[in-house]
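Student: Let me give you the structure first, and then I'll get to my questions.
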Amino acid sequence: MKQKDLLEKNEIIMWSEEKIRDFRATLLQWYDENKRDLPWRSTSDPYYIWVSEIMLQQTQVDTVIPYYKRFIETLPTIEDLAKASEETLLKLWEGLGYYSRVRNMNVAANQILEKHEGKFPTAHKDVLNLKGIGPYTAGAVTSIAFNQPQPAVDGNVMRVLSRLFEIDLDISKASTRKVFEEMIRRLIDPDRPGDFNQALMDLGATICTPKNYSPENSPVKEFNASYLNESWEKYPVKKKKNKVTEQTYYTVMVKNKEGEYLYKKRPSKGVLAGMHTPLMIDRKDLNEEGWKAFNQKELYDSRLSQELEQIIKETYDLKVTVNEQPKGVVAHVFSHLKWEMIVFEAVLIEELSHSSELKWIHADRFDEEMFPMPTQKVNKLVNTLTLF
DNA sequence: AATTCGTGGGC
DNA sequence: TGCCCAAGAAT
């Protein structure tokens, strides 16, 4: 009753039962003949399906494949995942981004050990209660691994359905997903729910794409209202994103007599939580007269390096000498912000006290350590140029 | 409900 | 280059 209203309220007319059956058959036949051969499609183990679905969140298939293979080889069971150290997990995830995903998986693995005797739960509500598993992933795992008729609505599915039904709802709004879920509950093939969900996603990824979309190539074009009505360029409706905010950091790579570089562990919340970056001083925290006077002309002099030295001494209890001229500039764009890192090299004079937040790492060990991409870029800047 | 979480690819 | 996008979830 309540969910029936959800479609009516949004003026969505569901197809007849006959048309729905026809659609299922057409879509699944196309899927059987054209589905992509992906590593996680050769298993029905919910653990492996789970790993793949977490990696695939906001991440393209081609990027995920090598990470997926390495991950399940290193941690072949849920118990292995539960017992793994954070360093191991982060190293396996290095470069994938959204690092809370792997931390949450570790938490969820322990939830499974404690609440489900180490066996991946089959009940949808239990799956949804696992850390890091939301509506999409719960539906994906239960439908694919356990053949349950649960919707798995991701960006592909919303785009496909928007075009099939000429849906005018904004797919960037959180409330919209529930409408698509209700549509999928009507449409999903009760005999092959996992394949049905994956077929919609494959269709979205390979034919019903965001760009370069040609609806006449779609195996379900006869069901596509926006194609038949020539309105397909309007869909999906999606609000444009806000511009990213830019932040400029004076980034100081301090080197000690042993040739090690200094990194700071970031706070446990926020951007790159718990990860290591060089010392970063927000330009806004500097004496405004100072940086404005010479930085705008890309000119640097000892006033800046001396101010950086003073801030580093006050903040970290380190006596350092900062080079007058920067080594270079590193830019890194996140989803919602952009870092400009003006990189200075420095040498350690004296460590007045020791902090557990600070870590010295030699360049020879860079491969063994986990660094987020901005740090890797700075490492490369400082190192490659030093080689010559 | 709107923000905040990375990174790489495509055009 | 700058912007969009990618098998989303937590807060």
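The values are calculated or read from the model by the stated rules, or taken from the named source; none is laboratory data. Since the structure is predicted, the reported quantities are computational estimates derived from the model, not experimental observations. Neighbour counts run over all protein chains shown; Cβ positions are idealised from the backbone, glycine included. Surface accessibility is based on the protein's heavy atoms, side chains included, excluding ligands, DNA and RNA. Shrake-Rupley method; radii C 1.70, N 1.55, O 1.52, S 1.80 Å.
Student: Please count how many residues of the stretch A:43-72 are within 14 Å of DNA strand C (Cβ to nearest atom), in contact (Cβ under 8 Å) with a residue 60 or more places away in the chain and charged (D, E, K, R).
Tutor: 1
Student: On to the next question. Restricting the search to the stretch A:163-177, which residues are touching a residue at least 40 places away in the same chain (Cβ under 8 Å) and assigned to a loop (DSSP other than H, G, I, E, B)?
Tutor: Passing the criteria: A:166, A:167, A:168, A:169, A:171, A:172, A:173.
Student: Which pairs have Cβ atoms under 8 Å, sit 6 or more apart or on different chains, and link a residue in the stretch A:225-247 that is over 19 Å from residue A:214 (Cα atoms) and open to solvent by less than 100 Å² (accessible area, probe 1.4 Å) to one that is of a type in the set (Gly, Ala, Ser) and modelled with pLDDT under 95?
Tutor: That search, which allows pairs on different chains as well, returns A:244/A:335.
Residues are listed down the side, and each one gets a yes or a no for (1) under 30 Å from residue A:376 (Cβ atoms); (2) more than 13 Å from DNA strand C (Cβ to nearest atom); (3) open to solvent by 40 Å² or more (accessible area, probe 1.4 Å); (4) not assigned by TED's automatic domain parsing to the domain that holds residue A:268:
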{"residue": "A:92", "(1), (2), (3), (4)": "yes, yes, no, yes"}
{"residue": "A:96", "(1), (2), (3), (4)": "yes, no, no, yes"}
{"residue": "A:99", "(1), (2), (3), (4)": "yes, no, no, yes"}
{"residue": "A:102", "(1), (2), (3), (4)": "yes, no, no, yes"}
{"residue": "A:108", "(1), (2), (3), (4)": "yes, no, no, yes"}
{"residue": "A:113", "(1), (2), (3), (4)": "no, yes, yes, yes"}
{"residue": "A:120", "(1), (2), (3), (4)": "no, yes, no, yes"}
{"residue": "A:124", "(1), (2), (3), (4)": "no, no, yes, yes"}
{"residue": "A:131", "(1), (2), (3), (4)": "yes, no, yes, yes"}
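Student: May I pose another question? Among the candidates A:159, A:186, single out the residue that is more than 30 Å from residue A:339 (Cβ to Cβ) and more than 16 Å from DNA strand B (Cβ to nearest atom).
Tutor: Exactly one of A:159, A:186 is more than 30 Å from residue A:339 (Cβ to Cβ) and more than 16 Å from DNA strand B (Cβ to nearest atom), namely A:186.
Student: Just the residues that are touching a Gly at 6+ places or on another chain (Cβ under 6 Å) and basic (Lys, Arg), please, taken from the stretch A:129-164.
Tutor: Within the stretch A:129-164, A:159 is the sole residue that qualifies.
Student: When you scan the stretch A:78-90, how many residues do you find that are more than 23 Å from residue A:374 (Cα to Cα), open to solvent by less than 60 Å² (accessible area, probe 1.4 Å) and in contact (Cβ under 8 Å) with a residue 24 or more places away in the chain?
Tutor: 3
Student: Picking from A:153, A:160, A:141, which residue would you name as being assigned to a loop (DSSP other than H, G, I, E, B), modelled with pLDDT of 95 or more, surrounded by 19 or more Cβ atoms within 10 Å (Cβ to Cβ) and within 12 Å of DNA strand C (Cβ to nearest atom)?
Tutor: A:153
Student: So which residues in the stretch A:164-200 are within 16 Å of residue A:27 (Cα to Cα) and within 12 Å of DNA strand C (Cβ to nearest atom)?
Tutor: Hits for the stretch A:164-200 are A:194, A:195, A:197, A:198, A:199, A:200.
Student: Collect the residues in the stretch A:75-105 that are assigned to a helix (DSSP H, G or I) and touching a Leu at 6+ places or on another chain (Cβ under 6 Å), keeping them in residue-number order.
Tutor: Answer for the stretch A:75-105, where residues must be assigned to a helix (DSSP H, G or I) and touching a Leu at 6+ places or on another chain (Cβ under 6 Å): A:81, A:82, A:102.
Student: Further question: When you scan the stretch A:197-210, do you find a residue that is more than 24 Å from residue A:40 (Cβ to Cβ) and of a type in the set (Ser, Thr, Tyr), even just one?
Tutor: Taking every residue of the stretch A:197-210 in turn, none turns out to be more than 24 Å from residue A:40 (Cβ to Cβ) and of a type in the set (Ser, Thr, Tyr).
Student: I've got another one for you. How many of the residues making up the stretch A:357-372 are over 19 Å from residue A:258 (Cα atoms) and out of contact with any Leu (no Cβ under 9 Å at 6 or more places or on another chain)?
Tutor: Result for the stretch A:357-372: 2.
Student: Any residue at all in the stretch A:36-50 that is open to solvent by less than 30 Å² (accessible area, probe 1.4 Å) and within 16 Å of DNA strand B (Cβ to nearest atom)?
Tutor: No - not one qualifying residue is present in the stretch A:36-50.
Student: Would you point out the residue of the stretch A:352-380, among those that are open to solvent by less than 80 Å² (accessible area, probe 1.4 Å) and at pLDDT below 95, that is nearest to DNA strand C (Cβ to nearest atom)?
Tutor: The qualifying residue nearest to DNA strand C (Cβ to nearest atom) is A:355.
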